[in-house]
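Single-structure report; data block below.
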Amino acid sequence: MTAIAASVLSSALHWRYATKKFDAAKKIPTETWTALEEALVLAPSSYGLQPWKFIVVQDPAKRALLSAASHGQRQAIDCSHFVVFAGRKNYSETDLAHFIARVAEVRGGGTGPLKGYADIITGTIVRARSAGLLDAWIGKQAYIALGQFLTSAALLAIDTCPMEGIEPAKFDEILGLPALGYTTLCAAAAGYRAADDKYASQPKVRFEAGEVILRA
């Protein structure tokens, strides 16, 4: 692949901000959105397990309900595309077997040679479950995908707003996630900033690199 210029990445990251007000009349082109969905599919995760679902909510009625379950934040209504990031609850050996089968399908060679790899992952799952940390560990993976989504969107000049000010249980109910064995972790609105979103022109506030980047 050909590397993009470092200045392109820097410019995109300086340009992006958590968009508070979207232009409801502007929609993301299909080709661009397809690329952003691919960014979600290709997101990294621990062991490559991908213990998530990304629910792209387009139904206006559901989006209105999700807005109400987000303390009235309008991003869910006004954005072009609204994505709910959901994590697998009680990740099990059955889920792992499904993943191992997919590895064998893509890379060939059957599941036999993957037994050692599967055993290592099983050990991690068992330890996390015993410590009561399994769902938390699985949940962390979604934020890796969220970060990749935000950066990919910025590089494509698409505005986003990551959202945690939501009521996960209500999101779950609206989207029927309990029946699937998943739970809401966070959400992201994507689209184009409104011309009168005052936050777009505010300087980005970050600590100096020397304060947050340490060298050992």
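Evaluate the following for residue 129: is it of a type outside the set (S, T, N, Q), touching a residue at least 40 places away in the same chain (Cβ under 8 Å) and over 30 Å from residue 4 (Cα atoms)?
no
Residues to consider are 55, 28, 77; find the one that is buried (at least 16 other Cβ atoms within 10 Å of the Cβ), at pLDDT 95 or above and more than 26 Å from residue 179 (Cα to Cα).
When all the criteria are applied, what remains is 28.
Quick check on residue 142: is it surrounded by 13 or more Cβ atoms within 10 Å (Cβ to Cβ) and closer than 20 Å to residue 70 by Cα? Talk me through it step by step, then tell me what you get.
Details: surrounded by 13 or more Cβ atoms within 10 Å (Cβ to Cβ): yes; closer than 20 Å to residue 70 by Cα: yes.
Criteria met by residue 142.
Just for region 35-52: of the residues that are at positive phi and either part of a helix (DSSP H, G or I) or out of contact with any helix residue (DSSP H, G or I) (no Cβ under 9 Å at 6 or more places or on another chain) (or both), which one is surrounded by the fewest Cβ atoms within 10 Å (Cβ to Cβ)?
48
Residues are listed down the side, and each one gets a yes or a no for (1) under 30 Å from residue 94 (Cα atoms); (2) within 14 Å of the chain's Cα centre (by Cα):
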{"position": "16", "(1), (2)": "no, no"}
{"position": "49", "(1), (2)": "yes, no"}
{"position": "54", "(1), (2)": "yes, yes"}
{"position": "64", "(1), (2)": "no, no"}
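Would you pick out the residues in region 96-116 that are closer than 16 Å to residue 46 by Cα and either at pLDDT below 95 or surrounded by 15 or more Cβ atoms within 10 Å (Cβ to Cβ) (or both)?
Hits for region 96-116 are 96, 99, 100, 103.
The values are calculated or read from the model by the stated rules, or taken from the named source; none is laboratory data. Note that the structure is predicted; figures quoted are calculated from it, not measured. Please note: Cβ atoms are built from the backbone with ideal geometry, for glycine as well, and neighbour counts cover all protein chains shown.
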